[in-house]
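Okay, structure first, notes after.
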Amino acid sequence: MAIRAGVRLSARILIVDDHLAARTTIRSLLDWHSFQVCGDAKSGKEAIEKVIELKPDIVLLDVNMPVMNGIQTAYEIRRIAPSTKIVFFTVHDSPQFVSAMHVFSNAFVSKSAAGTELIPTLNRLAGITGGKPPDRSTKSPRAAA
């Protein structure tokens with residue numbers, strides 16, 4: 001998280017998912033809540049390149065991806081950028097899976113719980129506490145989720 005002229009900026013987030021619709025929806029949700037999305041990637045290989053190039057604070061990482069899955073990607077991110085926080089964001093939510101993934105990640109959010117758990121999880125990892133999101137009463141929050 002960057003501090004510029006005494007003002008704390010939101011964490012820089014890289015979105016990694018092989019589905020364009022998922023990346024677009026997540027970006028909209030994060031934009032809605034004033035997070036700084038520094039980029040996105042459609043594969044684990046591309047994610048590693050973007051981590052090196054963009055130096056995000058947090059990587060929001062899908063598990064199911066072709067060629068290099070999220071677990072392999074998380075392992076590589078830990079190796080090349082150990083201070084980068086990783087949030088697994090996936091359809092898998094069995095207790096055994098969630099427990100196993102904590103070895104590779106800082107947090108886990110099921111895609112089915114994105115509307116209620118993603119923003120609080122990112123706020124916690126970014127060190128943002130107690131702040132209310134900006135008033136966006138002209139738009140429906142569900143439209144972005």
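Of note:
- In sequence order, calculated HN-Hα J values of region 69-80 (Karplus, 6.51, -1.76, 1.60; Hz; x Gly/Pro): 6, x, 5, 4, 5, 4, 4, 5, 4, 4, 6, 8
- For region 13-80, the solvent-accessible area of protein heavy atoms averages 45 Å² per residue (probe radius 1.4 Å; ligands and nucleic acids excluded).
- Gain in span if fully extended, residue 54 to residue 117, counting 0.36 nm per residue against the direct Cα distance: 20.1 nm
- Rounded to whole Hz, the Karplus (6.51, -1.76, 1.60) HN-Hα couplings of region 24-39, x for glycine and proline: 5, 5, 5, 4, 4, 4, 5, 4, 4, 9, 6, 7, 9, 8, 8, x
The values are calculated or read from the model by the stated rules, or taken from the named source; none is laboratory data. Because the structure is a prediction, the values reported are computed rather than measured. Just so you know, the surface numbers come from the protein's heavy atoms only, side chains and all, with ligands and any DNA or RNA stripped out. Shrake-Rupley method; radii C 1.70, N 1.55, O 1.52, S 1.80 Å.
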